[in-house]
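Just so it is clear, none of the values below were taken in a lab; they were calculated from the coordinates. Small disclaimer: the values here were computed from a predicted structure and weren't measured. Cβ placement follows ideal geometry from the backbone for every residue including glycine, while neighbour counts extend to all protein chains displayed.
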Amino acid sequence: MVTPTKSPFADHTPVYALVGNPNCGKSTVFNALTGLKEKVGNYPGVTVEKKIGGTYSQHGKPIKIIDLPGAYSLAAHSPDEAVLRDVLLGRRADTPQPDRIICIVDASNLERGLYLVHQILDLGRPVIVVLNMLDRAAKAGITIRVAGLEKELGTIVIPCEAANGKGIIELRLAMSRPDLPLARHSWDIPAPVAPAVAELSASLIENDGRSPLIARAEALLLLTDQDSVRVAGSVPLNSRTTYILRAWHQRWQQDGVDWAAALVSSRYEAIGRICAGTVQHSSVTGSTVSDRLDAVAVHPVWGWLVFGTVMTALFLSIFTLAEYPMNWIDMHVAALAGWFKHIIPPGDLRDLITDGGIPGVGGVLVFLPQILILFFFIGLLESTGYMARAAFLMDRFMARVGLSGKSFIPLLSSYACAIPGIMATRTIQEPKDRLVTILVAPLMSCSARLPVYLLMIAALLPGDRVPVITKAGIMLLMYALGTLGAFGFAWLFKRTLFKGAPPLMILELPPYHMPRFKEVVEQMIERAWSFLRNAGTIILGFSIVLWALTTYPRHPDPIAAPSAKIAYSLAGRVGHLLEPAIKPLGFDWRIGIGIVSSFAAREVFVSSTAVVFNVENHGGGKRADQAPLRRALADATWPDGTRLFTPLVCFTLMIYYVFAMQCMSTVAIVQRETKSWRWPLFQLAYMTGTAWLVCFAVYHLGRALGF
């Protein structure tokens, strides 16, 4: 008999948990249900993303949805999997225990997805199973009897193609039901393990106040892992339960019983019987399109050629497609500064706006088209499925430096920003591998370095006749240096501070498919808006502060040269104090000001340089203060009249930003992840020291060779 659950609509807003394997389309379903109106934060104590959204039932009643981290099992081995387990079991005081659960399953890989579903059904709560990606399953020759699957699982099953909007209405209707049936299913626990499950369940009920169903499910989770004593140490248990667990652990070890394997095998036997009665495979002749593409994309030789071609095309597009919008922005920024000069009388306010705010923000804003192109291409690669192939190719290098293949995704994410990359390390099970990945992630060239690279490349290769392939090649070299640096230090750390063999990684290669341009564009706009928020807040604020620091205190001689005025200012004095440390690298005190200010955010270097050198050129002629920053850099000189930004200095400065830790936010997130100031300070020291030593060697070797 199916027992309907008590309606949660009568007393409070119902809370749904959205769960599923990674890459099952869970985020697509969440966005479709909530309309992208979610609140994003972190769970207290761990930097695991907490995403909560809302929708309405067909009766107009509000519904809350918690999008939980993706996992293959409730047996937690990493912080994000622990969050999934603890929220479902009601262990987190900061998050309400869900009334109901929505399980997203990839229809093309039903057996794998049902393992998590099988564990969740043990909780005895109302469950809706969403059979997603049916179009992909159909292309693979897979047909699923939905009615039969509903009968076997004892719960509602919704066929769905979330990317195409199919099944979302049916899911909303199911979520609106006040009489959603309780999940029911049964499976045979192996005989050697059954007494332990019963004894642990009784202890959890008596001493920890667990409900019978939760106690049984928790006992099964504790016994699913071979190292169940370690697992017990990560969850709140009473001493009696811990004693029982240890006693059974010792007894099975003496008897040679592989209890964890027995439990997992028993679950998969039950799942196999379900799939045998509900899944039909039609004969598919010949290789699929994905198979034929993978024969090239992951080939030991041709795969690297494809990878190099893709990356070269990416950087070429950054220089070619963005040229016209960049010129348009540059022209209008200069026109805006000129307009303010005409409407505001001379004085500090006008100088603040035209020499501080506008050059600072405009100097970074001009790179927005190139950043948009970068994010668009990255989104395309992710949407088509090629990113997983790139991870497969890179996994060989990861193993050689001693890291798990799971470290590649956090490092890859760090190309956009080190902060989400570092947060993504929570999926790494081995603590040493996780810490090494955190320490080297900032070496991957993030998008904040892109404006610095682009500015230095423009100063290094001035003029319109320089081949675009040359500029793209230099950009690719900077990204390659950062990647090699990350792998080099990972190799060093794994053989000194964090010795240990990397675990094996099983990597899933999803089928290729046409990119979802709507999602790609939405993602691109979201990242661009984040960049603009920085330009409008952090960069604007620092530009104004830096203008004040380069203006005050004022030089006692009002007709002094611009260089004397800025040298007399507070920023100039700080720069002169720093100059002895950076002069061996070919940098002067003005570059030092940019380096110090860019610790707030790397792209601030461009805005601070714009402010410093616009101030420097303030008296140089009618159009000196409106000259593009690239021209100002080309005109900058040392006191003896020699050119400051020589090709060698531009190249050295780019290398400095490849290796240096110029990001306050990254330092803060490393401290939160490691729960210690020891590692962020170590990271700051080794990266800055490496940057100085490498730049010193490059600069002096270049001078010796006549550059």
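Quick look at the values:
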read-out: Neighbourhood charge, 13 Å Cβ-Cβ cut-off, centred on A276 and excluding it, Lys, Arg +1 and Asp, Glu -1; value: -1
read-out: Listed pairs K406/K494; K406/K432; K139/K518; K471/K583; K432/K499; K26/K406 exceeding 18 Å between Cα atoms; value: K139/K518; K471/K583; K26/K406
read-out: For the range 109-130 and the range 640-672, distance of Cα centres in Å; value: 50
read-out: Residues L497 and A93, FRET efficiency given R0 of 45 Å [Cβ-Cβ distance, rounded to 0.05]; value: 0.80
read-out: Label-point separation, T312 to L213 (7 Å along Cα→Cβ), nm; value: 6.0
read-out: Net length gained if the chain between A191 and L701 were fully extended (0.36 nm per residue, minus Cα distance); value: 176.4 nm
read-out: Per-pair calculated FRET efficiency, R0 = 35 Å: E519 and T143 via Cβ, rounded to 0.05; value: 0.80
read-out: Eligible aspartates and glutamates near K51 by straight Cα distance, threshold 20 Å, same-chain separation 8 or greater; value: E38, D67, D80, E81, D86, D94, D99, E519, E522, E526, E673
read-out: Ranked by how many other beta carbons lie within 10 Å on average, peptides 570-580, 104-114 from highest; value: 104-114, 570-580
read-out: Estimated inter-spin distance, H299 and R240, nm [label 7 Å along Cα→Cβ]; value: 6.6
read-out: Where trypsin sites (Lys or Arg not before Pro) fall in DSSP loop in the range 429-481, at most 10 other Cβ within 10 Å; value: R465
